[in-house]
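Data first, discussion second: the structure below is written as structure tokens.
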Amino acid sequence: MPELPEVETVRRGLAPVMEGSTIQKVHLRRDGLRFPFPENFAERLSGRKIVSAGRRAKYLVVDLDDGQVLVMHLGMSGSFRIEMGEEVEVPGVFHHPRSETRNHDHVVIELESPFGAASIIYNDPRRFGFMDMVARDSMEGHRHFASLGVEPTGNSLDGEVLARLFAGRSMPLKAALLDQRLVAGLGNIYVCEALWHAGLSPRRKASTITRKDGKPTERLSLLATSIRNVIAEAIEAGGSSLRDHRQTDGSLGYFQHSFCVYDQEGKPCRHSGCSGIIRRIVQSGRSTFFCPVCQR
């Protein structure tokens, strides 16, 4: 499943072509993906002007000029391809083959963009992604978004916020960070990385790094900073590029080459002066990578 940095890199690739464009026509190659398409989906999109292309957690949110929002989720293998005339931009070095089977092109959105005619093609071999339409003024209460927590980007996530979210919670720290009701958009990879940078054990109880008066400890503030930094670095590098994720231009990002702990089982810990060896354990059915020496 793509994590927040992957989704953000897709948004950044789509935005220049989509924003300010008018949707000319939408072609649906099937009745739905993970869920059926909304009623009259293609007709409701046709003729609409795209105001902005944004993101909330792992959802792409495209605001239209009629107050509706096109909501898109990549699922496990979804990706977009941008075509303009005869040109298809697919630069980059491929570490894994990209899905080029046109049988998996399920949605084609024809645009009249500021740069001329363009097509946005959604390809999804596993069909775990989905698309929906939501009114902007009721979006925060919609089932996709109502239970989402704080975004782990910018200054919205800090030690004070985490202290409030973790107070009284006996769940493991990793489980708390993966709870989308608390922090929206974090996934397995970047939680492992952030915990390593902060020197915190993934098995530690979440409530143990908050003070009795509800204030954050120094280590909790460091965790908030580590989360923001890891996410920002991953976005800048283009995402992790694991498995099926591709940027919108078809290329792979390279943040995976700078993983400090994720998928590094058996390798020496990279913290200066640490003699630990990275271990892998399973928590709630997911692999967790950490250093048992310096992560306490």
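The values are calculated or read from the model by the stated rules, or taken from the named source; none is laboratory data. As the structure is a computational prediction, the values presented were derived from the model and not from experiment. With ideal geometry, Cβ positions are generated from the backbone for all residues, glycine too; neighbour counts draw on all protein chains shown.
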Only one of these is at pLDDT 95 or above and touching a strand residue (DSSP E or B) at 6+ places or on another chain (Cβ under 8 Å): ARG11, ARG29. Name it.
ARG29
By my count, helices (runs of 4 or more DSSP H) wholly in the stretch 156-225 with at least 1 residues that are over 20 Å from THR288 (Cα atoms) are 159-166
Hey, can you tell me all the residues within the stretch 152-163 that are more than 21 Å from the chain's Cα centre (by Cα) and either crowded, with 20+ Cβ neighbours inside 10 Å or of a type in the set (A, V, I, L, M) (or both)?
GLY159, ALA163
Matching residues, the stretch 1-43, being within 15 Å of the chain's Cα centre (by Cα) and in a helix (DSSP H, G or I):
LEU4, PRO5, GLU6, VAL7, GLU8, THR9, VAL10, ARG11, ARG12, GLY13, LEU14
Give the residue that is surrounded by the fewest Cβ atoms within 10 Å (Cβ to Cβ), with candidates limited to residues of the stretch 77-101 that are more than 18 Å from ILE23 (Cα to Cα) and modelled with pLDDT of 85 or more.
SER79
Which residues, taken from the stretch 181-240, are among the hydrophobic types (A, V, I, L, M, F, W, C) and more than 24 Å from the chain's Cα centre (by Cα)?
ILE209
For SER21, are the conditions met, namely being polar (S, T, N, Q) and surrounded by 17 or more Cβ atoms within 10 Å (Cβ to Cβ)?
yes
Scan the stretch 50-76 residue by residue and report those that are buried (at least 17 other Cβ atoms within 10 Å of the Cβ), under 18 Å from the mean Cα position of the chain (by Cα) and assigned to a strand (DSSP E or B).
ALA53, ARG55, ARG56, TYR59, LEU60, VAL61, VAL62, LEU70, VAL71, MET72, HIS73
From the option list SER170, SER138, SER156, single residue qualifying as in contact with a helix residue (DSSP H, G or I) (Cβ under 7 Å, 6 or more places away or on another chain) and of a type outside the set (Phe, Trp, Tyr) is SER170
PHE115 of a type in the set (Phe, Trp, Tyr), touching a residue at least 60 places away in the same chain (Cβ under 8 Å) and surrounded by 16 or more Cβ atoms within 10 Å (Cβ to Cβ)
no
List, please: which pairs have Cβ atoms under 6 Å, are six or more places apart or on different chains, and start with a residue in the stretch 265-293 that is polar (S, T, N, Q) and end with one that is assigned to a loop (DSSP other than H, G, I, E, B)?
THR288/PRO202
Are any residues in the stretch 1-54 touching a His at 6+ places or on another chain (Cβ under 7 Å) and under 16 Å from PHE80 (Cα atoms), and if so, which ones?
PRO2, GLU6, ARG29, LEU33
Working carefully through the options PHE166, PHE130, find the one that is within 21 Å of ARG34 (Cβ to Cβ) and crowded, with 18+ Cβ neighbours inside 10 Å.
PHE130
Within the stretch 58-76, how many residues turn out to be out of contact with any Phe, Trp or Tyr (no Cβ under 8 Å at 6 or more places or on another chain) and modelled with pLDDT of 95 or more?
11
Quick one: which residue in LEU177, LEU195, LEU220, LEU186 is out of contact with any strand residue (DSSP E or B) (no Cβ under 8 Å at 6 or more places or on another chain) and either crowded, with 21+ Cβ neighbours inside 10 Å or closer than 15 Å to CYS260 by Cβ (or both)?
LEU186
Report whether or not MET139 is under 17 Å from the mean Cα position of the chain (by Cα), of a type in the set (A, V, I, L, M, F, W, C) and under 30 Å from ARG48 (Cβ atoms).
no
Please work out which residue is modelled with the highest pLDDT, limiting yourself to the stretch 148-170 and to residues that are of a type in the set (S, T, N, Q) and within 18 Å of VAL7 (Cβ to Cβ).
THR153
For the stretch 254-263, state whether one or more residues are modelled with pLDDT of 90 or more, farther than 23 Å from LEU4 by Cβ and in a loop (DSSP other than H, G, I, E, B).
no
Log entry, pairs with first residue in the stretch 137-148 being assigned by TED's automatic domain parsing to the domain that holds TYR59, second being assigned to a helix (DSSP H, G or I) and among the charged types (D, E, K, R), beta carbons closer than 8 Å, six or more apart or on different chains, reads none
